[in-house]
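Shown next, in structure tokens, is the structure this report addresses.
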Amino acid sequence: MIPVMHRNWLTWTALSLLGIFALAALLAPWIAPHDPAALDLQARLLSPGHGHWFGTDELGRDIFSRTLFGARISLTVAVTVVGLSLVFGALVGCVAGFYGGWRDALLNIYVMNAFMTLPGILLAIALVAFLGPGLRNVILALAIAGWVNYARLVRAQVMAAREREYVEAARALGANNLRILTRHILPNIMQPVIVQAAVGMAAAVLAEATLSFLGLGVPPPMASWGSMLNDARPHLFDAPHMIFFPAMAVMLCVLAFCFLGDALRDYADPRTRLSAGL
């Protein structure tokens, strides 16, 4: 994969941005210059400067510190949501694609299609509105809304892989279904699943920001990029820095995950590697 990265500066840019966001999320309590929830009404709506690099909001809270802590929320949601969705979706997709028959009809035609008829973000909004705001409920709602994409992908990959020669050879040697799935099929279908997971993290970051913008995300005084954008709406013209920095954080994080997904897709495609001379 290293030669591909050398040829694609977007890949290095994506990895660098994700590294910066990861460090900001991990080290936020130590590198944040101010308490993200501390109020200072004497310093409200300050422009970016030496004391406050990104300025302050309408309550005098430091926007730079809140942006750092917002990275913790966004990356936590992205990793957890994709992990839960991928595990459950892979399990359902393996059962539907490997066994077929009535199991595939039940899971694919009825369950998956039922979830596909509902827009994911609307389903997540409905679930969070029912469960109540909070980080745990946001993760649960987004995982419930997003697992079906991984299930359909895994199902299609498993259906294609189960007819391959190496699967027939393993079955002829006496391997049971569980061993065939875990040792022969799953390792050979992980490349497109990993690409989907990278793109899914971008969607999870954007979905979390959307829920927080609507007031359905993490409750205050926890810092979230979406809630920061919502707080900045009344001050769009008199304090544009309030909306600029969290919006740039969301945009760069989503772009980084999308660029990483594109790079992984190019690496997984043999035709792309052949055209690159690899």
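The values are calculated or read from the model by the stated rules, or taken from the named source; none is laboratory data. Remember, it's a predicted structure, so these values are computed and weren't measured experimentally. When we count neighbours, we look across all protein chains shown, and the Cβ atoms used for this are built from the backbone with ideal geometry, even at glycine.
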Note on the stretch 234-264: residues among the aromatic types (Phe, Trp, Tyr) and more than 17 Å from the chain's Cα centre (by Cα) are Phe237, Phe244, Phe245
Only unsatisfied item for Asn108, checking (1) surrounded by fewer than 18 Cβ atoms within 10 Å (Cβ to Cβ); (2) in contact with a Lys or Arg (Cβ under 9 Å, 6 or more places away or on another chain), is (1)
Which residues, taken from the stretch 86-105, are crowded, with 17+ Cβ neighbours inside 10 Å and closer than 25 Å to Leu206 by Cβ?
Leu86, Phe88, Gly89, Ala90, Val92, Gly93
When every residue in the stretch 153-168 that is of a type in the set (Val, Ile, Thr) and within 20 Å of Ser85 (Cβ to Cβ) is compared, the one surrounded by the most Cβ atoms within 10 Å (Cβ to Cβ) is Val154
Can you find a residue that is of a type in the set (Val, Ile, Thr), modelled with pLDDT under 90, surrounded by fewer than 23 Cβ atoms within 10 Å (Cβ to Cβ) and part of a helix (DSSP H, G or I) anywhere in the stretch 138-150?
no
Reported set for the stretch 226-240 where residues are under 17 Å from Cys253 (Cα atoms) and either in contact with an Asp or Glu (Cβ under 8 Å, 6 or more places away or on another chain) or of a type in the set (Lys, Arg) (or both) is Gly226, Met228
Could you identify the single residue in Ala126, Ala105, Ala96, Ala114 that is touching a residue at least 24 places away in the same chain (Cβ under 8 Å) and not aromatic (Phe, Trp, Tyr)?
Ala96
Condition (residue is among the small types (Gly, Ala, Ser), closer than 23 Å to Leu229 by Cβ, buried (at least 17 other Cβ atoms within 10 Å of the Cβ) and touching a residue at least 40 places away in the same chain (Cβ under 8 Å)) applied to the stretch 77-85: is it met by at least one residue?
yes
Can you tell me which residue in the stretch 217-266 is surrounded by the most Cβ atoms within 10 Å (Cβ to Cβ), limited to those that are acidic (Asp, Glu) and farther than 16 Å from Leu46 by Cα?
Asp266
Quick one: Thr272 ticks every box in (1) over 21 Å from Thr13 (Cα atoms); (2) of a type in the set (Ser, Thr, Tyr); (3) at pLDDT below 90 except a single one, so which number is it?
(1)
Quick check: anything in the stretch 169-192 surrounded by fewer than 20 Cβ atoms within 10 Å (Cβ to Cβ) and within 25 Å of Ala124 (Cβ to Cβ)?
yes
So which helices (runs of 4 or more DSSP H) are wholly in the stretch 3-111 and hold at least 3 residues that are modelled with pLDDT of 90 or more?
9-31, 63-99
